[in-house]
Amino acid sequence: APIYGNSARAIYVGLPGNVNYSFDPQSFGISMVWNGPFVSINGVMDGRGKIGQLGSKAIRWNEGGPELFRPYLKNGKVVDHSIKEPKFATGQYIQAALNDSSDYVKKVNALETKFIGLSTDKESPPQFSYEVEGNHVDIRFVPLNENKITAAFNLKLKHEQSFTFPSIKFKDVTFSIGEIKGDKWTLPAGDHNDVIFTATRKSKFKKVYTAGENDIPSENLKGQKLEWVKASDKEQKAAGLHSNYTLHNINVPKDTYGRTQLFEPLAIGFFNKGIAYVSTRTAGVWKVVGDEWHLFSEGHYDSLGLVIESENTIVIGEKTGLTRLTDKDGDHWADERENLSDQFRFCGNYHEYLHGPISYKGGYLYNLNLTHQLPANYKAGGMYMGTGGGLRGWMCRVDKKGNFSTFANGFRSPAGLSLSPGAEIVYTENQGEYVGTSKVYTVKEGGFYGNPTGLVDIPGMTPQNSEIQWESMKDKCELAMILLPHNEVMNAPGNPTWDKTKGAFGPFAGQMFLGDQTQSCIYRIDTEKVKGVAQGVAIPFADKLASGVMRLTFSPKDNSLWVGQTGRGWRSRGGAESSLQRITFEGGVPNAIKTVKVTAKGFDVHFTLPQTIENFGTIACESWFYNDSPNYGSKELGKRQEAIDSTTWSADKKTCSIAFSSFVLESTEDNTNTSRVYRLDLKNTLFGKAVGPFLAKAYYTLNAIPNKDD
């Protein structure tokens with residue numbers, strides 16, 4: 001949690017008896033110790049831009065004093081990872097970071113200090129592990145109500161190692177090896193196991209409890225029943241699904257004390273038909289085994305993605321980085337939490353999301369969102385989103401051992417990241433600065449995707465360099481394959497998935513399914529390549545689900561579509577704060593627009609069923625484009641009604657070919673204009689009257705027109 005006085009990567013530990021502490025990877029020290037209520041993250045839970053705080057009336061032990069057991073480097077300085085996680089992202093800090101033209105990745109990769117992770121077995125307090133210049137340190141720290149502290153160490157020291165300890169504030173100090181001089185505890189080289197350090201605080205603190213010592217409730221780590229319930233007729237109608245599909249709601253799990261919790265299921269993965277993992281923003285990671293929920297790991301920071309490595313090991317994305325979670329004994333609880341990747345700068349800003357990871361060529365890719373409202377934030381001429389340096393706006397790559405590199409740049413708010421069935425990297429971008437409307441891209445290594453803000457991290461660059469400004473970069477932008485008209489189709493697209501059920505989910509096998517957080521909707525997307533250029537069509541599938549749709553995943557058990565949703569922080573049409581729903585296919589063939597393909601003269605509209613073509617009605621077509629600029633989004637520009645010259649039908653009455661009086665690809669010297677979107681509206685046709693206006697539209701993004709003979 002982000003709490004003033006620690007870096008935003010700090011980990012907070014609450015122990016029985018209302019004694020608590022934090023371990024900060026910025027320093028590898030015990031940064032805070034306090035008695036009383038644990039922490040409050042209500043501001044983080046309820047809105048944007050707020051930070052957490054220690055529990056009400058908490059009493060700090062080490063107020064104003066040095067951290068406990070912060071390791072020293074050989075040069076006599078203490079460990080300080082301010083390059084990655086500053087405790088105070090002041091304007092002066094940000095200005096210095098932005099004007100540092102050195103290679104950030106090289107500097108971070110050259111660090112000889114690494115936070116390894118922590119053990120989280122059920123029987124003991126956490127054990128934190130790290131490396132300092134070749135020395136390995138494990139520390140298990142416990143404060144006690146009797147004003148005492150105890151720390152257990154396992155150390156493999158290639159050379160002498162010292163730690164901070166404010167000895168003047170403690171008495172009855174004991175340790176089994178080493179010596180203390182002033183505020184420094186020093187141990188010799190060698191392997192030292194089960195080193196116990198104890199001390200008593202000279203200045204006693206007052207005991208504070210939120211409940212009587214005998215009133216502490218028992219914690220339930222056993223499984224909770226998972227049940228799906230068919231949605232009400234009202235919910236089904238609001239969703240606007242074809243009648244061949246049924247919407248279901250799930251009973252999300254309660255916390256381990258039996259309380260209702262905010263459960264935002266924004267990462268979903270299936271290991272097999274009987275095992276799934278669901279990761280949330282603030283309610284931890286849950287494992288589904290058969291028909292039971294099991295809490296797999298807790299205390300994570302806005303997890304939006306996961307990859308399953310094995311039945312008992314997963315890698316999740318958090319705002320702080322990639323974390324590998326491992327259940328060593330098969331009891332559905334993660335005993336180990338490994339810090340796989342944290343090489344980027346993290347200041348704890350609300351918008352500093354990490355999107356992903358996805359598996360890619362033996363490792364992982366993830367996207368870093370731009371930040372917001374940091375002091376001295378660099379925005380590259382934009383209005384809101386920016387960077388304080390440290391790879392915001394980049395796609396990053398890490399192998400399974402944690403070796404790190406950058407992959408692509410130019411991202412703004414890349415909320416969706418997936419690997420297509422053809423092994424293409426696909427991501428969705430949210431409308432905003434330099435993004436006239438939301439888009440879907442394929443990503444190639446080294447590509448630039450439109451927002452120049454993050455380019456300040458290219459070695460040798462600072463905000464003053466003209467070659468990374470918009471005017472210099474706008475003709476280097478990669479081309480989006482799909483444009484998603486703002487407010488009409490999507491405002492904040494989430495994570496794409498593909499129907500690989502081979503027809504078990506209906507007649508849309510191979511198509512992409514994509515949801516939107518604001519509109520609470522789902523669209524189908526079908527792409528094609530014309531003259532080597534990717535483009536395609538977006539077709540409505542579900543209109544208004546319970547909350548904002550961010551995560552879509554098909555279940556191998558019954559080929560249903562699981563829909564993870566949240567409305568927190570942004571409004572969503574669905575209205576609910578969060579939801580987990582699924583959509584099942586009941587058989588038959590829905591009457592639907594299956595796809596739209598471009599021709600030399602217009603479009604072929606393919607239907608799933610033969611249509612009544614006599615008096616079919618008029619297909620209306622309107623087109624427009626957007627402008628990518630420093631402005632926040634774009635209006636629909638160059639709108640025109642497309643004149644249809646002819647309409648013909650295939651012999652099976654399942655394909656309608658429309659030819660325009662004029663169908664050419666406009667060329668412009670200013671390529672800040674996007675490709676053109678064509679909206680095909682069939683609401684006034686017999687098809688439209690049968691399925692309703694929502695399902696009677698299609699939106700084609702035109703990047704290229706085939707030749708007549710293609």
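The values are calculated or read from the model by the stated rules, or taken from the named source; none is laboratory data. What you see is a predicted model; the values in this text were computed from it and never measured. Here the Cβ positions follow ideal geometry from the backbone for every residue, glycine too, while neighbour counts run over all protein chains shown. Quick note on the areas: whole protein, heavy atoms, side chains included, nothing else; ligands and nucleic acids left out. Shrake-Rupley method; radii C 1.70, N 1.55, O 1.52, S 1.80 Å.
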For Lys500, placing the label point 7 angstrom along Cα-to-beta-carbon and taking the stretch 294-338, residues whose amide nitrogen sits under 20 Å are 305-317
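If I stretch the segment between Lys156 and Lys106 completely, what's the gain in nm (0.36 nm per residue apart, minus their alpha carbon distance), one decimal?
Residue separation times 0.36 nm, minus the Cα-Cα distance, leaves 15.3 nm.
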For the stretch 348-389, the accessible surface attributable to carbon and sulfur atoms (probe 1.4 angstrom, ligands and nucleic acids excluded) amounts in percent to 53
Distance in nm between Glu292 and Arg571 label points, each 7 Å along Cα→Cβ, equals 4.4
Simple spin-label estimate for Asn42/Lys230, 7 Å along Cα→Cβ, in nm, reads 4.2
For the stretch 78-213, the percent of accessible surface on carbon and sulfur atoms (probe 1.4 angstrom, ligands and nucleic acids excluded) is 50
Checked the stretch 359-414 with the C-alpha gyration tensor, a ≥ b ≥ c its square-rooted eigenvalues, rounded below a/c of 1.5, otherwise prolate if a/b is larger than b/c and oblate if not; verdict prolate
Taking 689-695, 138-144 and ranking on average Cβ neighbours within 10 Å, highest first, one gets 138-144, 689-695
With only helices counted (DSSP H, runs n ≥ 4, each -39500 (n - 2.57)), the per-residue ellipticity at 222 nm for the chain, to the nearest 500, works out to -1000 deg cm²/dmol
Quick calc, the chain, dipole around Cα centre from Cβ unit charges on Lys, Arg (+) and Asp, Glu (-), nearest 20 debye, gives 880
Debye calc, one equal point scatterer per Cα of the stretch 172-322, no solvent, log10 I(q)/I(0) at q = 0.21 1/Å comes to -1.20
Violations at 28 Å Cα threshold for listed pairs Lys401/Lys531; Lys273/Lys319; Lys273/Lys529; Lys639/Lys683; Lys122/Lys557; Lys106/Lys379 -> Lys401/Lys531; Lys273/Lys319; Lys273/Lys529; Lys122/Lys557
Expressed in angstrom and rounded, the centroid-to-centroid distance over alpha carbons for the stretch 498-532 and the stretch 52-128 is 43
Here the Cα Rg-to-2.2 N^0.38 Å ratio for the stretch 1-151 is 1.11
The stretch 352-375 scanned against label point 7 Å out from Ser82 along Cα→C-beta; backbone N under 19 Å for 374-375
Among Gln127, Gly587, Val44, the residue whose Cα sits farthest towards the positive end of the charge dipole of the chain, when +1 is placed on the Cβ of each Lys and Arg and -1 on the Cβ of each Asp and Glu, is Val44
When the charge dipole of the chain is computed with +1 on Lys and Arg Cβ and -1 on Asp and Glu Cβ about the Cα centre, the Cα farthest towards its positive end, among Phe616, Gly240, Phe541, belongs to Gly240
Of the residues Gly381, His294, Gly362, the Cα lying farthest along the dipole of the stretch 262-386 towards its positive end, which is defined by charges on the beta carbon of Lys, Arg, Asp and Glu, belongs to Gly381
The Cα extents of the chain along the principal axes, largest first and rounded to whole Å, are 95, 58, 40
Result for the chain: accessible area per residue, probe 1.4 angstrom, in square angstrom, of 40
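Report the local net charge at Glu467: Lys and Arg +1, Asp and Glu -1, summed over other residues whose C-beta lies under 15 Å from its C-beta. It would help to have the intermediate numbers written out before the result.
On the way: positive: Lys474, Lys476; negative: Asp457, Glu471, Asp475.
Neighbour charge sum, excluding Glu467 itself: -1.
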For Gly416, other-chain or 5+-apart residues with amide H closer than 5 Å (H placed, Pro excluded) are Thr428
Total charge of the residues flanking Phe513 in space, meaning their Cβ is under 9 Å from its Cβ, with Lys and Arg +1 and Asp and Glu -1, is 0
Once both label points are put 7 Å beyond Cα along the C-beta direction, the Ala600-Lys635 separation in nm becomes 3.8
If R0 = 60 Å, then Lys531 and Glu133, at their Cβ-Cβ distance, give a FRET efficiency to the nearest 0.05 of 0.60
